[in-house]
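The values are calculated or read from the model by the stated rules, or taken from the named source; none is laboratory data. Here the structure is a predicted model, which is why all the values come from computation and not from measurement. Cβ coordinates were reconstructed from backbone atoms using ideal geometry, including for glycine residues, and neighbour counts include every protein chain displayed.
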Amino acid sequence: MPDTAASTGAQLILDVLADEGVETVFGYPGGAIMPLYDALYGHSIRHILTRHEQAASFAAGGFARSTGKVGVCFATSGPGATNLVTGLLDAQMDSVPVVAITGQVRTPLMGTDAFQEADVTSITGSVTKRSVCVRDVAQLERTLRAAFRLARGPRPGSVLVDVPQDVLKAPCARFNPLAPRRRTQPTLKADDDALDATIDLIRGARRPVAIVGGGARSAGATHLFREFCALLELPHTATINGLGCAEPGDLRFLGMLGMHGWKAANLAVNEADVLFAFGMRFDDRVTGRPDRFARGATVVHADVDASEFGKVISPHIALRGDLRYTLAQLAQRLARMKSRPSFAAWGREAKALGGPPPPDRTPHGELSATSVLDRFFAHAPEDAIVSTDVGQHQMWAAQRQRASHPRNFLTSAGLGAMGFGLPAAIGAQFAFPARSVTAIVGDGGFQMSIAELATIARYELPVKILLIDNRRLGMVRQWQELFYERRYSAVDLSDNPDFVAIARGYGIGGASVTEAASLDAAIVRMLASDGPALLHCACYPEENVWPLIPAGTSVNEMMEARPLDDAVPA
């Protein structure tokens with residue numbers, strides 16, 4: 001393949017990005033990165049101007065979560081680069097492929113405390129897979145190629161490439177477009193003996209349960225996970241990042257696992273004699289106290305990252321490899337069995353341990369947030385992409401979501417970063433312009449990224465915003481109610497602005513609903529609107545998320561809904 005000319009480091013960056021398949025980047029310009037923005041002028045890559053660098057990193061994450069492709073964001077030096085930190089850590093914790101390119105002061109000025117200088121590689125080194133500063137234009141292409149390979153996997157994550165302004169301006173050699181085969185990742189295969197041992201374990205199992213995490217999404221193994229569960233009629237559950245991996249409508253699916261998970265999921269895992277953990281990392285929000293988690297179970301842990309084995313829970317069998325290969329090999333071995341076990345009876349028993357969490361009780365006439373979300377998911381299109389912010393509404397949505405694929409439910413799971421929901425929806429909408437995309441946000445998190453209404457308006461994105469406004473920082477308020485003797489501190493948002501008026505100020509249609517009788521019609525109107533729309537739902541402030549397994553405890557200490565008259569207004 002012939003070489004392609006690139007006149008400067010900045011031009012080289014854009015040409016390499018295009019060769020890596022990048023069509024859209026999110027960013028915010030500034031002094032040090034200005035040569036890259038000058039090269040963007042007239043280039044085929046589309047740049048999306050967000051109103052904050054953090055939103056650019058979240059939008060890149062939303063693009064990557066919904067597509068599986070690498071999301072890319074740009075920022076200038078100093079505060080521009082440091083504003084990316086939260087989004088990069090969010091992507092790293094949830095294994096989402098994101099590459100950030102930042103400008104840096106000229107190399108002679110580095111280390112002199114120059115204007116807008118920051119040692120961004122040191123700052124981001126602990127929150128990314130790799131953070132590197134390119135001081136020589138001759139190393140730029142190789143560094144960018146490595147960044148994309150590393151971001152893609154085997155376990156995806158975030159990578160930052162910092163480029164001084166003089167390197168962006170420097171003349172550079174020609175670059176070589178990659179052949180498609182060079183972009184593929186080698187398959188890491190699980191050990192055959194460990195796979196055979198897993199099959200032997202299945203033969204003797206009585207109460208097995210499978211847990212699926214975000215690793216199935218990253219590996220593109222959703223259909224194989226469904227096949228595995230179907231072959232054994234196996235009850236299964238999901239971490240928040242694994243939601244959407246279960247076959248829609250599968251009666252063996254026990255719901256989300258963990259602190260705010262379905263009762264059936266937590267009790268079934270507690271009673272399991274064999275536990276299959278596929279692409280999940282035994283996060284503390286899933287396990288509670290590790291020494292009390294699934295104590296009677298033989299654990300099979302399948303993951304591409306060996307560092308996860310024994311980090312929290314020590315497996316009896318470790319299947320290190322690409323989850324697609326691992327699940328395909330298990331399915332092949334199961335298909336060859338003359339007498340394959342069925343766990344349908346145990347699945348029905350596990351399902352009966354507890355259904356979906358019921359809505360919390362609210363006073364007559366007050367709008368329930370759980371009812372809002374139940375009605376939203378009842379009306380949302382089957383292939384809708386839903387992002388959430390972080391807080392009570394996130395847990396209520398995770399309990400009630402009906403995602404047909406894990407790339408259709410986007411949430412900041414490991415980091416729990418408020419402000420994520422709206423820019424993530426923006427990223428997803430750019431990835432899928434014709435799909436229904438809704439950001440479910442709370443009144444706290446929404447105000448952390450409310451300026452991105454300007455981004456939605458500028459690019460005429462049909463993003464829908466479902467705003468759960470309970471005039472509180474709801475999750476903190478709930479914990480203060482339950483564990484801090486109702487000493488409500490710094491959670492009052494009763495002075496919230498008129499959100500509908502703000503949306504209209506950006507040219508975005510908005511409406512407000514305060515009572516259940518008008519809820520369905522309002523949701524239908526929002527979803528049917530051609531352009532962006534905000535539906536403001538004024539909800540009861542003291543509604544809580546149930547069930548709840550308090551942090552550091554076990555399923556035996558699960559808390560469930562209290563009588564309404566037991567609540568004291570915040």
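Of all residues in region 489-510, how many are under 28 Å from the mean Cα position of the chain (by Cα) and in contact (Cβ under 8 Å) with a residue 24 or more places away in the chain?
Residues meeting the conditions: 12.
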Might you let me know whether region 534-550 holds any residue that is part of a helix (DSSP H, G or I) and either at pLDDT 95 or above or outside the structural domain of residue 468 (by TED's automatic domain parsing) (or both)?
no
Hey, among the residues in region 335-362 that are surrounded by fewer than 17 Cβ atoms within 10 Å (Cβ to Cβ) and touching a Phe, Trp or Tyr at 6+ places or on another chain (Cβ under 9 Å), which one's farthest from residue 293 (Cα to Cα)?
358
Please indicate, with yes or no, whether at least one residue in region 440-461 is surrounded by fewer than 24 Cβ atoms within 10 Å (Cβ to Cβ), farther than 23 Å from residue 505 by Cα, of a type in the set (A, V, I, L, M, F, W, C) and assigned by TED's automatic domain parsing to the domain that holds residue 531.
no
Could you check, for region 221-232, whether at least one of its residues is of a type in the set (Gly, Ala, Ser), closer than 16 Å to residue 401 by Cα and either more than 24 Å from the chain's Cα centre (by Cα) or at pLDDT 95 or above (or both)?
no
One residue from 400, 435, 458, 407 being within 13 Å of the chain's Cα centre (by Cα), over 27 Å from residue 486 (Cβ atoms) and basic (Lys, Arg)
407
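Looking at 216, 302, which is the one that is among the aliphatic types (A, V, I, L, M), in contact (Cβ under 8 Å) with a residue 12 or more places away in the chain and under 16 Å from residue 94 (Cβ atoms)? Before you say what the answer is, go through the steps one by one.
Details: 302 fails: under 16 Å from residue 94 (Cβ atoms).
One residue alone meets the criteria, 216.
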Of everything in region 115-131, what is free of Cβ contacts under 8 Å to residues at least 40 places away in the same chain, closer than 15 Å to residue 163 by Cβ and surrounded by 18 or more Cβ atoms within 10 Å (Cβ to Cβ)? Give them in sequence order.
131
So if I check each of 511, 501, which one is assigned by TED's automatic domain parsing to the domain that holds residue 398, under 21 Å from residue 366 (Cα atoms) and surrounded by fewer than 21 Cβ atoms within 10 Å (Cβ to Cβ)?
511
Please identify the pairs in which a residue from region 251-263 that is free of Cβ contacts under 8 Å to residues at least 24 places away in the same chain has its Cβ atom under 8 Å from the Cβ atom of a residue that is in a strand (DSSP E or B) and surrounded by 24 or more Cβ atoms within 10 Å (Cβ to Cβ), counting only partners at least 6 apart or on another chain.
253/236; 253/237; 253/238
Residues that are more than 25 Å from the chain's Cα centre (by Cα), over 20 Å from residue 226 (Cβ atoms) and not assigned by TED's automatic domain parsing to the domain that holds residue 208: which strands (runs of 3 or more DSSP E) entirely in region 264-378 hold 3 or more of them?
none
With respect to residue 476, determine if the residue is aliphatic (A, V, I, L, M) and under 24 Å from residue 364 (Cβ atoms).
no
Checked region 403-412 for anything more than 15 Å from residue 68 (Cα to Cα) and crowded, with 24+ Cβ neighbours inside 10 Å; matches are 412
Checked against (1) more than 18 Å from residue 354 (Cβ to Cβ); (2) of a type in the set (S, T, N, Q); (3) surrounded by 22 or more Cβ atoms within 10 Å (Cβ to Cβ), residue 266 satisfies every condition except (1)
Working carefully through the options 427, 391, 365, find the one that is crowded, with 22+ Cβ neighbours inside 10 Å, touching a residue at least 60 places away in the same chain (Cβ under 8 Å) and at positive phi.
391
I'd like the full set of residues that are in contact with a Gly (Cβ under 8 Å, 6 or more places away or on another chain) and either under 28 Å from residue 256 (Cα atoms) or modelled with pLDDT under 95 (or both), limited to region 512-533.
515
